[in-house]
1. Is it the case that some residue within segment 315-336 is acidic (Asp, Glu), more than 27 Å from Glu385 (Cα to Cα) and surrounded by fewer than 24 Cβ atoms within 10 Å (Cβ to Cβ)?
2. Yes or no: Thr354 part of a loop (DSSP other than H, G, I, E, B) and of a type in the set (Ser, Thr, Tyr)?
3. Only one residue in Thr435, Thr404 is modelled with pLDDT under 95 and within 27 Å of Pro138 (Cβ to Cβ), so which one is that?
4. Got a sec? Which of Ala283, Ala299, Ala255 is touching a residue at least 60 places away in the same chain (Cβ under 8 Å), closer than 20 Å to His434 by Cβ and out of contact with any helix residue (DSSP H, G or I) (no Cβ under 8 Å at 6 or more places or on another chain)?
5. Just the residues that are surrounded by 22 or more Cβ atoms within 10 Å (Cβ to Cβ) and more than 13 Å from Leu175 (Cβ to Cβ), please, taken from segment 267-297.
6. Go through segment 306-341 and give me each residue that's within 17 Å of Trp433 (Cα to Cα) and within 14 Å of the chain's Cα centre (by Cα).
7. In segment 248-266, how many are over 19 Å from Ser182 (Cβ atoms) and surrounded by fewer than 21 Cβ atoms within 10 Å (Cβ to Cβ)?
8. Just the residues that are within 15 Å of Val210 (Cβ to Cβ), at pLDDT 95 or above and in a loop (DSSP other than H, G, I, E, B), please, taken from segment 163-184.
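The values are calculated or read from the model by the stated rules, or taken from the named source; none is laboratory data. In this text the structure is predicted, and so the values were computed from the model without any measurement. Heads up, the Cβs are rebuilt from the backbone with ideal geometry, glycines too, and the neighbour counts pull from every protein chain shown.
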Amino acid sequence: HLLFAAGAPEAFYFGHGHSLDAHLGKGVFHLVELERFDDGFYFLHSSSRAGADGTLSRARPQARTQRARAVVTIRTFHAGFNAVDPRHTGGGIVNPPSRAFLTPEADFQGASSGFQKEFRGVDHGPGRPLRLGSYPTPVQHLPTLSTRGCELWVKRDDQTHPDCGGSKVRKLERLLALRPGSRRLVTVGAAGSHHVLATAYFGRRLGLDVEGVLFPQPWTEHALEVLRAAIGAGLRAWPVRSVASVPLAVARRMARGCRFIPPGGSSVAGSMGYVDAARELAAQVRSGLMPEPDTCVVALGSGGTAAGLAAGFAAEGMKTQVVGVCVVRPVWLVRLVASRLAHACARRLGVRLTAVQSAEGRPTRSRLAVDDRFLGAGYGHESPEGRAALRVAEAKAAIVLDPTYTAKAFACALSLVGASAGGAGEGRCILYWHTLSSSPMSRLLEGAPAEDALDPALRRLLFHPQARSRGAA
């Protein structure tokens, strides 16, 4: 049940793709983020309005009416919904038909012949994950960065795919398997978003048209390359001036038939990809490839990776705490979204996300913690600790980081190792989960437009912080 003021639009933003608008006075609903957020609740898969005869039509903004309180119950299965009950609005109960999933054969129509061959024999029916990546990804000890009191390990999710690796592959395996009738996708991200790039790359190879609503971020050479690669991969980009403009832009694309893929792939369905990853790590621990980590450090943006890991470790009975290193503001909202996603994943698994226990059996640490010490000026901005960590990783571990996400997470991992150095008792184990693709960008940039060939509106999305500060002054 969701409580709104009827009449004028009431926007509820749950963070990173979870938002909706409602015009209850006229029985009009505008909803964005259509993935299941929690057990028993889904958000609508289209913007729609209940007509007087109970049929469904495309919604248009309605004039402000008198304000009243109303409760909306949304009950749905898969990609459609069973009923929307706008109480106290006179709208009645709307029962549109659910959208059917594509059959496995239809899923492959339009896909490249190589991609079809790659997935023949793979069970990728409705809700069943695709197989996009190569698993298990290796675990690696970093002796040059370990101390006497603490070992540092890395989980190499940079190697999930030879051309477009990183953390987004595991999420898209589940999200792209949830395919209703639309052959068009729309997602959201910053101009240099790896998630947008990965969605375009894998979506296009499956024969899907991929659109992206892109918002500004600070310029870096890496962000520019990611943007060029996404356009080269076939992305149809829709630039907006700010994050605040994203919901309306997404709603417009969805009103034209696009299916929404949440930012960062971070819905419950997407996060379950990292439940799978936690199980994979648990198997590696049991087989003796590495010790059981006390702490797993991972970059925290849209929240899905950290949430899935936390739920997965709980389901496997591991002692591992997940530390999400915050890379975006506001921190309180990132913490809330990650926590809700983690608890929703845990409920889907039938486990409780209890605190990590000590050897004596006493709860000592929350299963999922958020560390914002390395955020710096905000999303896309380098931080001093991140710059230092980037140099250390390259020099001593041959690991390439990016300044937006992984450099800040690795800085946190180094900090935890340093804090444990020389400690009494049994040595600790810190696992850094590497989420940036290590595939050469040159492969993705083949045939991509040069910077000066990009649409000027796209180039303007990558701003220089110093220039923006002068302009604001």
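1. yes
2. yes
3. Criteria check complete, one pass: Thr404.
4. Step by step, each of Ala283, Ala299, Ala255 is checked, and only Ala283 is touching a residue at least 60 places away in the same chain (Cβ under 8 Å), closer than 20 Å to His434 by Cβ and out of contact with any helix residue (DSSP H, G or I) (no Cβ under 8 Å at 6 or more places or on another chain).
5. Within segment 267-297, Val275, Ala277, Ala278, Leu281, Pro293, Thr295, Cys296, Val297 meet the criteria.
6. The answer is Ala306, Ala307, Gly308, Leu309, Gly324, Cys326, Val327, Ala338.
7. Counting residues in segment 248-266 that are over 19 Å from Ser182 (Cβ atoms) and surrounded by fewer than 21 Cβ atoms within 10 Å (Cβ to Cβ) gives 1.
8. Cys164
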